[in-house]
Amino acid sequence: MKSRSIFHVDMDAFFASVEILRNPSLRGQPVIVGGQADRRGVVSTCSYEARTFGVHSAMSMGEALRRCPQAIVVPVDHALYRSYSQKVMTCLKAITTLVEPVSIDEAYLDVTAQVEAGSTPLALGQQVREGVFEATGLTCSVGAASNKLVAKIASSTHKPDQLFWIPTGLEAEFLAPQAIEVIPGIGAKTAARLHDARIHTVADLQSIDMAELVERYGAQGYRMALACQGIDHRDVVSERGPAKSLAAETTFEQDCADIAILQSTLSALVQKACTRLLKHGLRTHTVCLKLRYSNFHTLTRSHMLDTHSNDMLLIERELQTLLSRTYDEQQAIRLIGMSLEKLTDGYWQPLLWERL
């Protein structure tokens, strides 16, 4: 396979940075963007000044303010952030048509053709950073490498407002001193298991034979064996197909232990998701229920339908059944959610008995 040149572009503290642009008096202050603490709000993002106190995305606002009581809390303004995101993506598409947005504030770029034409990754990366800043006044971090995995780790470990390039052939060397947590898919539980086995850095993973990793950790061991060597063959996909899932969820202002309220809330979520399902001409094959208790313990349960369906009554019936089987009445619920998985665009294989 020929060498590729892939960028991962990640905006720096995006929501907070946009708010500072709107209100320059916030510059240099610990800014937190998110919901109200007295309404079970969570942190969407925060400035780097707030991060020094241990505040991070997805933390409850109450905990964030305990850690940083002097923080300035700003409500989320999605419309404003989307407008800035569109400007950023326009800048990226001026570099290459192969742009894959990952979220509102990050994207992958394939600049292989530009490098083959004589540009260098460093020059192109600097062009990205300058173009984004000129168009928006915002800074971004750019990781450049031969694949998505290494490019993303490069941008994540060199923030804010930096450009870092890993030349082809040096992927494993770059990853070796990193903590194992930089590898995608290694969450807190897996990291704890690895630490128990005295595996703390990527170099520790690299020293273990693939067969042994697979024997110890199964399919995840195989993925870790590839990732720790910096191997990733995924392409940058500029055009995405139909959605693979649809989800809806809500967080209660006060923990809820009333099954009737939970059932009616779930019904409203099903209606919201099924409206989108019908709008896009899709059908679902699997329904999933999500419950988060007051202690933040989260349960998910799923059920596969007999065939792909867009029948709202059927979908709600199956989800309500999952709720009745799953809900522990001794505990209050903080969040309830549902999702429709394994979507198709309306064409599906009927079951054998449907053809008889």
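Please treat every number below as a calculation from the coordinates, not as lab data. As the structure is a computational prediction, the values presented were derived from the model and not from experiment. As a convention, Cβ positions derive from the backbone with ideal geometry for all residues, glycine included, and neighbour counts pool all protein chains shown.
The stretch between residue 251 and residue 238 holds 1.3 nm of extra length on full extension. This uses 0.36 nm per residue minus the Cα-Cα distance. Rounded to the nearest 10 degrees, the inclination of helix 219-228 to the longest alpha-carbon principal axis of the chain is 20 degrees.
Between the residues 277, 170, 73, the greatest Cα displacement towards the positive end of the dipole of the chain, with unit charges on the Cβ of Lys, Arg, Asp and Glu, is found for 277. Dividing the mean sequence gap of close Cα pairs (under 8 Å, 6+ apart) by how many residues segment 245-341 holds gives a relative contact order of 48 percent.
Relative to the longest principal axis of the Cα atoms of the chain, the long axis of helix 259-279 lies at roughly 60 degrees. Pairs of Cα atoms nearer than 8 Å and 6+ residues apart set the relative contact order; for the chain it is 14 percent. Contact order for segment 115-230, expressed relative to its length and based on alpha carbon pairs under 8 Å spaced 6+ residues apart, stands at 19 percent.
Taking amide H as placed 1.01 Å from N in the peptide plane, the amide H of residue 120 sits under 5 Å from none that are at least 5 places away or on another chain.
Give the residues of segment 316-341 whose amide nitrogen is closer than 15 Å to a point set 7 Å from the Cα of residue 258 in the direction of its Cβ. Within reach of a label on residue 258: 332-334.
For segment 245-341, the Kirkwood hydrodynamic radius comes to 13.3 Å, computed from all pairs of different C-alpha atoms.
Rg and Dmax over the alpha-carbon atoms of segment 172-228 stand at 9.9, 26 Å. The computed mean projected area of the Cα convex hull in nm² for the structure shown corresponds, within (i) 15.3; (ii) 22.0; (iii) 18.6, to (ii). About its Cα centre, the chain has a charge dipole of approximately 380 debye under the convention of +1 per Lys or Arg Cβ and -1 per Asp or Glu Cβ, with nothing else charged.
Each residue in 256, 274 was given a count of other beta-carbon atoms within 10 angstrom of its own, and listing them fewest first yields 256, 274. Taking the centroid of alpha carbons for each part, segment 103-147 and segment 246-282 are 39 Å apart.
With each label modelled as a point 7 angstrom along the Cα→C-beta vector, the residue 297-residue 219 pair spans 2.7 nm. Cβ-to-Cβ counts within 10 Å put 4, 22, 198 in ascending order as 198, 22, 4, the fewest first. By definition, a body whose alpha carbon gyration tensor gives a ≥ b ≥ c is oblate when a/c is 1.5 or more and a/b is not larger than b/c, and segment 118-180 fits this oblate description.
Pairs 87/244; 87/290; 152/189; 93/159; 148/272: which exceed 29 Å Cα-Cα? Table pairs above 29 Å Cα-Cα are 87/290; 148/272. In a reduced charge model with +1 at each Lys and Arg Cβ and -1 at each Asp and Glu Cβ, segment 16-159 shows a dipole moment near 360 debye about its Cα centre.
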